[in-house]
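Notes follow the structure.
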Amino acid sequence: MKKTLLWITFLWSVAAFAQMQTVSHSVSPSTFEETTSITITINGTSVDEGSWGITDHSLYMWAWAFDTNDTTQKGSPDNGSWDASSEASKFTYNPGTDTYTKTITPTVYYNTTGIGRIGFLIKTKNGNGDKKSQDILVEVGSFQVTLTSPIENSASIITAGANFDIAVTNTNGAASYSLKANGTVINTNPSTATYSYSHIGITNNQSYELSITQAGTTIVKKFSVVVNPNTVLEAMPAGLTEGINYNQTDVTKATLVLDAPLKDFVYVAGSFNNWLPTLAYAMKKDPASGKFWLELTGLVSGANNTYQYWVVDTTPLANSPSLVKTADPYSTLVLSPFDDSSIPATSYPNMPVYPAGQNFEVTVLKTGQTPYNWQVSNFVKPEKEKLVVYEVLVRDFDAARNYQSLIDRIDYFKNLKINAIELMPVMEFEGNESWGYNTSFHMALDKFYGTSDKLKEFIDLCHQNGIAVILDVALNHAFGRNPMVRMWMNDPDGDGFGSPTAENPYFNTVAKHAYNVGEDFNHQLPKTQNYVDRVIKQWIEEYKIDGFRWDLTKGFTQNCTASDGACTDAYQQDRVDVLKKYADYSWSLDPTHYTIFEHLGSDTEEKEWANYRIAETPSKGVMMWGKMTGPYNQLSMGYASESNISRMSSGNHGFTANRLMGYAESHDEERLMYKNIQYGNSGVGYNVKTLNTALSRMSAIGAVSLLVPGPKMIWHFGELGWENSIFTCNDNSVNTDFDATGGDCKLDTKPQPQWVSNWLGNSARSKIYNDWAKMITLKIKEPVFLGTTVIANTNSLSVNIKMTNPALSSTQLKDVLIVANFDVTAQNVPTGFQYTGTWYNLMDNTTINVTDVNAPLNLPAGEYRIYGNKVANLAITDFEKGSAVHLYPNPVTDYFTLNVPVSKVQVYAVSGQLVKSFNAKGNRDSQYAVNDLKTGLYLVKAVDENGHTQVMKFIKK
């Protein structure tokens, strides 16, 4: 039970998991009704508080309840959250007896009636890291039934033709017994307190229900028998691979393949056999590969079928289950009994229904599917060196939290001019409120954000607009629902979840690096490498994904331990080799595929990937994530210490080509604006902690980050000056202290002020957006930004960046100088122009005559300049050329902006009628709201400060 609750609620709190403890307990009175006051007592000597980090005897109860004959949880006990238990669930420590006690009345504590069984475990306030006991189940009511043979809810493995013995006793005198096998009554006894029966000569799998009735109360006990089918050895048809193999000519057929070494036999149970497979659904075994396989027939085209594998080991390791019921490891769509009920129908309409009576995830199989009709089949990806990637967590981008939200706001991305979007993990993860790194099925799309076709629609739309789509993939690890964990697991408490055994052909039993979460893949194992290749193939071929951002690549080594961070951070040859192999496979499927590693390690190791195969055509080379949050935040706050941003350049890492995807913000770092407001510096009449002042400095951050040659990344809404902390909680409070409170709010769902409060309509915020859009356009369109760069700020608030592209002629824009003043007072900023003459401010094309190349520029606090030797010939009409007035964005959704100061703006319908008039304030980049206008074509008459008039057209969307 418990892991259905707790895997959902935690991700990154621990690097290793403690051993679950078995605690000694008693309940008084031993027999009780649901309205009886009971006392639960825990023997203190059975709790190893030290291993749980407890120093004050603080233990808590995590509780749940069931109906008499139902395993569905009911009630709503005040548990709190797994990482912060409610004080109402705390035990009382009794030092004289070294016991813990808690007195409850079940109906009151569980807030429900009709309770047939209560369940609980003992845990620390923050239970992350398996700081908990085993599950404890206690029957409720004076009428109790004890199933002595077999164990309740067990699956007994027998040989064909064997007998099966059942033995039961009950309290309160005689009761009436009725035994069903596969839905048919096979034995009754109208009056006994001790029941026994032997079912003889069993040749098919059996599902038993034993109903015991006394004085109008009925208790049902369930158990089953699985018959060893004596697996048939037969060669598997050629061309099949693990998972579902759809028949290309016959939509009534599909062949399933499962690789399950060390297992004795496997059944396929599903909607097509009423979840009770006969011998006809026992999988065959290919003698050459050892893989299990089975062809399904009689399927209905277009119908949703669901299935699981019943995987059996007749001689399992100690604490390992003999039978595991699991979804297909290679599922592309799974249904979950834990998560699906809270997925909105607006996000996933007509979702297949989870089959009643089953447990754990099931795989969806559907023949005759209509392929998605791609509008773009030959998308040409932006060059790596020109990439500006927009990182998005779908959950937090818009309140609707789905792919449709991204589709609806495609103009937002287009107008920002980014050319790639990176989605944080969208593979099937545990729970719905998640960052997605707790992945359980890497080939399946998580349903919370929408359907497969809806994601494809978004990707297709991006490709239509020149935007690549990159997926964040977490292949360092998997979480507990993963079938490859569960098929070879330790499960001492029998709840269906556990950690890998020594027999597991995919996972380490203990993590081999210092940053692990979940279960650690062993990437030296052939089966793991095959699985990773299949994951790569699925997303490239099925979804036309343009690239992967590989999460936590430091974990791809087998050479270290969880406690040895120095080893994990050091060069590891096995990690270099296997990650090159994965990159090679990606490029074999798509030669221009983006491969990005989140390594954040030593240059020695990273440059091997960055320089790998770059001389080929097309040029390869792995892009490396380049975390630069610290230095850029020091600049934005106005502090010179540790503000050196020189490592934003690939060359300063030893990379031959521009392969550093540098960033000032990412999903995993505190927001620059939050720290600006909390900790910013101040000068006379200038205070970075003031919101608008802090916002005014973010354009300069863009200038000295986005324009540095090589791929760059933006975390969503940095371009609007997002100032909410990464630790913002669901209630809008900020909680950064994990240790003191039992869990920070880093992973909480964030508020949506950017849309609710119309941040684009706020001139201070939209200026960042518009300025960054211009900078991104410069980066993408102007070849000077493919050249070499020298960043000259060594812990200084005066930033100086020089760029040149020697491949360009002197008649082209071939030299750029960027200067910025991040001090809190005006400063004479050093320049060092490459030569004298006329230089152009590339943001507005105003000029400066340079007679002394070293003459400093006086810049106000937070200001910047981007100078080029020639005018920027931007290849779009949205931005300025020369001194002309230009209107952008166009088409217009809510507002438009003009690139030069004007004194009056008038909007006319095409009929000549004046529909809006603005008395402008003379500011460049002022916004003119037209959200109230109907869709159509309009004319804009703009009068500048010198009385010159220009007329432009725009389309209102």
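Bear in mind that the values in this text are calculations on the coordinates, not laboratory data. For clarity, every value in this text was computed on a predicted model and none was experimentally measured. Cβ sites come from the backbone with ideal geometry, for glycine too, and all protein chains shown count toward neighbours.
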* **FRET efficiency, residue 903 to residue 811 (Cβ-Cβ, R0 51 Å, nearest 0.05)** => 0.90
* Along the Cα-to-C-beta direction of residue 826, a point sits 7 Å from the Cα; which residues of the range 838-860 have their amide N less than 11 Å from that point? -> 858-860
* To do: With a ≥ b ≥ c taken as the square roots of the eigenvalues of the C-alpha gyration tensor of the range 485-610, please select rounded if a/c is under 1.5 and otherwise prolate if a/b is larger than b/c or oblate if it is not?
  => oblate
* Asked: Going through the DSSP H helices of the chain, which span 30 Å or more along their own axis at the Cα atoms while scoring at least 1.6 as a mean Kyte-Doolittle hydropathy?
  -> none
* To do: Could you pull the Cα extents of the chain along its three principal axes, largest to smallest, in whole Å?
  => 107, 70, 64
* To do: Can you tell me the dipole magnitude for the chain around its Cα centre, using point charges on the Cβ only (Lys, Arg +1; Asp, Glu -1), in Debye to the nearest 20?
  => 2540
* With a Förster radius of 60 Å, plug the Cβ-Cβ distance of residue 280 and residue 788 into 1/(1 + (r/R0)^6) and report the FRET value to the nearest 0.05. => 0.30
* **Per the chain, cysteines lacking a partner by the 4.7 Å Cβ criterion** => 462
* Along the positive direction of the dipole of the range 490-535 (beta-carbon charges: Lys, Arg +1; Asp, Glu -1; about the Cα centre), which of 531, 502, 492 reaches farthest? -> 531
* Structure fact -> With the dipole of the chain defined by +1 on each Lys or Arg Cβ and -1 on each Asp or Glu Cβ, the option from 615, 257, 808 whose Cα lies farthest towards the positive pole is 808
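If packing is taken as the average number of other Cβ atoms within 10 Å across a peptide's residues, how do 245-256, 719-730 rank, most packed first?
719-730, 245-256
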* To do: Report the extension gain between residue 37 and residue 230 in nm, rounded to one decimal, defined as 0.36 nm multiplied by the number of residues separating them, less their alpha carbon distance.
  => 64.2 nm
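What does the C-alpha gyration tensor say about the overall shape of the range 496-570? Classify as rounded when a/c is under 1.5, otherwise prolate if a/b is larger than b/c, or oblate. Write out the running numbers ahead of the final one.
Numbers: a/c = 2.30, a/b = 1.43, b/c = 1.61.
The shape class here is oblate.
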* Asked: Using only the Cα atoms of the range 401-471, what do you get for the radius of gyration and for Dmax, in Å?
  -> 12.4, 36
* Asked: Based on the mean of other beta carbon atoms within 10 Å per residue, what is the order of 180-186, 497-503, 631-637, 910-916, most packed first?
  -> 631-637, 497-503, 180-186, 910-916
* Sequence-distant residues sharing a close amide H with residue 734 (under 5 Å, placed H) -> 729
* Asked: Convex hull over the Cα atoms of the range 244-327, averaged projected area in nm²?
  -> 6.1
* Among 461, 437, 423 - extreme Cα towards positive end, dipole of the range 381-525, charges at beta-carbon -> 461
* Over the range 213-264, consider all pairs of different Cα atoms and compute the Kirkwood hydrodynamic radius from their mean reciprocal separation; express it in Å, one decimal. => 15.7
* Asked: Computed over the Cα atoms of the range 340-458, what is the convex hull's projected area averaged over all directions, in nm²?
  -> 9.1
* In whole Å, largest first, what are the principal axis extents of the Cα atoms in the range 572-679? => 48, 27, 23
* Shape of the range 278-371, Cα gyration tensor, a/c cut at 1.5 -> oblate
* Structure fact -> Which residues qualify? For residue 389, with a placed amide H closer than 5 Å and at least 5 residues away or on another chain, they are 712, 713, 714
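Taking only DSSP H segments of four or more residues, each worth -39500 (n - 2.57), what value at 222 nm results for the chain once the sum is divided by all its residues, to the nearest 500 deg cm²/dmol?
-4000 deg cm²/dmol
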* Quick one: Karplus J couplings for the range 49-65, per residue in order, coefficients 6.51, -1.76, 1.60, θ = phi - 60°, nearest Hz, x for Gly and Pro? -> 5, x, 5, 8, x, 8, 10, 10, 6, 8, 10, 10, 9, 10, 10, 8, 8
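Provide the packing ranking of 114-125, 707-718, i.e. peptides ordered by the mean count of other C-beta atoms within 10 Å per residue, highest first.
My ranking of the peptides, most packed first, is 707-718, 114-125.
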* Asked: Restricting to the chain, what percent of DSSP beta bridges are antiparallel, rounded to 5?
  -> 80
* Asked: What's the long-distance tail for the range 752-897, i.e. % of Cα pairs beyond 19 Å?
  -> 58
* Linear extension gain, residue 613 paired with residue 48, 0.36 nm per residue minus alpha-carbon span -> 198.0 nm
* For 848, 244, what's the fewest-to-most ordering of other Cβ within 10 Å of each Cβ? -> 848, 244
* Asked: Got a sec to turn the phi values of the range 550-565 into Karplus ³J(HN,Hα) couplings, 6.51 cos²θ - 1.76 cosθ + 1.60 with θ = phi - 60°, whole Hz, x for Gly and Pro?
  -> 7, 6, 6, 5, 4, x, 8, 10, 10, 9, 10, 10, 5, 9, 10, x
